[in-house]
1. Which of the following residues is surrounded by fewer than 21 Cβ atoms within 10 Å (Cβ to Cβ), in contact with a strand residue (DSSP E or B) (Cβ under 9 Å, 6 or more places away or on another chain) and either modelled with pLDDT under 85 or assigned to a helix (DSSP H, G or I) (or both): 210, 185?
2. Kindly evaluate residue 124 against the criterion of being out of contact with any strand residue (DSSP E or B) (no Cβ under 7 Å at 6 or more places or on another chain), surrounded by fewer than 20 Cβ atoms within 10 Å (Cβ to Cβ) and within 29 Å of residue 41 (Cα to Cα).
3. Give the residues of segment 108-119 that are free of Cβ contacts under 8 Å to residues at least 12 places away in the same chain and part of a helix (DSSP H, G or I), sorted by residue number.
4. Taking into account only those residues within segment 47-92 that are touching a residue at least 24 places away in the same chain (Cβ under 8 Å) and not in a helix (DSSP H, G or I), which is surrounded by the most Cβ atoms within 10 Å (Cβ to Cβ)?
5. Of the residues 239, 221, 174, which single one is in contact (Cβ under 8 Å) with a residue 60 or more places away in the chain, assigned to a loop (DSSP other than H, G, I, E, B) and closer than 25 Å to residue 98 by Cβ?
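The values are calculated or read from the model by the stated rules, or taken from the named source; none is laboratory data. Keep in mind that this is a model prediction, so the values were computed, not measured. Please note: Cβ atoms are built from the backbone with ideal geometry, for glycine as well, and neighbour counts cover all protein chains shown.
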């Protein structure tokens, strides 16, 4: 997760890491863009592979398995002091496999919903970036703390709900089939808002890293955080669209 995005750390102080006695090259905007293209590309390839190759009867086992594996891997990454590129790539591939299975399952029930969710995700991300830049949004420690606590609470709640759902216990937090509740819509709306706020933290993280001369290796952490947030935003938008399509 992060600094509010629990998988990221903030760059409040300039730091330099040394490799064999020499300072590492500072992180640049181009570094982040290039690595984000890699992480997003791998997630997309994994999603397409599952979407195109996994038969319908195996979709949920693959989706649930990828979800569990990605949560475990993300927790390991969250508490790591550094983020090696292979670790970031493993997590985004697992998350890509998860959204591939989820997307195909939703598309079979609500044709056209995946393209709608993808478009809505890019629009939401673009509007958030534009607002961050044009309105000169400043992330304060208080804002970061509030978003972190809210995100952690949401994640724990969804994890508990997921575990209980595997045991056949439905708390009504996630709609399924014709059983969509007002509570499920509110939960997904909260998820969309939190994911959007976490995008703001991602943008701030990248900006601070470049400004403070963070080492180039940290661009993997920035790219990973941005990719994971966009995947989360997509999933919440996909869900909320399905509720209204119902």
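1. Numbers: 185 fails: in contact with a strand residue (DSSP E or B) (Cβ under 9 Å, 6 or more places away or on another chain).
After applying the criteria, what remains is 210.
2. yes
3. 115, 119
4. Within segment 47-92, the subset touching a residue at least 24 places away in the same chain (Cβ under 8 Å) is 47-51, 54, 56, 59-60, 62-64, 66-67, 69-71, 74, 77-78, 82-85, 88-89, 91-92.
Filter again for not in a helix (DSSP H, G or I), leaving 54, 82-84.
Values: 54: 18, 82: 13, 83: 23, 84: 13.
Ranking the qualifying residues of segment 47-92, first place goes to 83.
5. Values: 239 fails: assigned to a loop (DSSP other than H, G, I, E, B); 221 fails: assigned to a loop (DSSP other than H, G, I, E, B).
Going through 239, 221, 174 in turn, the sole match is 174.
Rundown of residues vs (1) modelled with pLDDT of 95 or more; (2) more than 25 Å from residue 118 (Cβ to Cβ), yes/no style:
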| position | (1), (2) |
| --- | --- |
| 26 | no, yes |
| 41 | yes, no |
| 46 | yes, no |
| 58 | no, no |
| 70 | no, no |
| 81 | no, yes |
| 99 | yes, no |
